[in-house]
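To start, the structure under review is shown below, and the notes come after it.
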Amino acid sequence: MLEGYIPIFIFMAVALAFPIVALSLSKLLRPAAPSVTKLEAYECGIQASGGARGRYTVRFYIIAILFVIFDVEAVFLFPWAVRYRQLGWFGVAEVAVFLGILIVGYIWAYKKKALEWV
């Protein structure tokens, strides 16, 4: 009964061991003498003009979240395109409803002025 799970356990062991071994080897093999130049933000000689912890407006995060949401929803069209012939008109109706909801989301975001950068 458990013989069917042996490949899974082996795969999990390899998946856990690989990053641990890779990180350990990289720590052992890397040069451990950081210089002042290596610790700077840019090695090309350009001095940093400010801190790396700047503040962003909320609008930036809203646009980023909207991009991720609509991008992920667009990825759901790929399986439909692969099975287009098998789904027939039912699949076309499903995608029409899906794209209708997506368009309503775009219209809502546009009316809330969430897509305007300035």
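Some points to look at:
- Footprinting exposure proxy ranking of Met1, Met12, fewest other C-beta atoms within 10 angstrom first, gives Met1, Met12.
- Candidates per chymotrypsin sites (Phe, Trp or Tyr not before Pro) in region 1-72, loop by DSSP, up to 11 other Cβ within 10 Å: Tyr42, Tyr56
- Applying D = kT/(6 pi eta Rh) to region 57-118, where Rh is the Kirkwood radius over alpha-carbon pairs, T corresponds to 4 °C and eta to 1.567 mPa s, the Stokes-Einstein value obtained is 99 µm²/s.
- Calculated Kirkwood radius over Cα pairs in Å (choose from [x] 14.0; [y] 14.6; [z] 20.9), label: [z]
- For the peptides 23-35, 74-86, residues were scored by their other Cβ atoms within 10 Å and the scores averaged per peptide; the highest-first order is 74-86, 23-35.
Rule-based calculations on the coordinates, nothing more; no lab input. Predicted model only: the values in this text are computed from it and were never measured. Because the Cβ atoms are built from the backbone with ideal geometry, glycine has one as well, and the counts that use them run over all protein chains shown.
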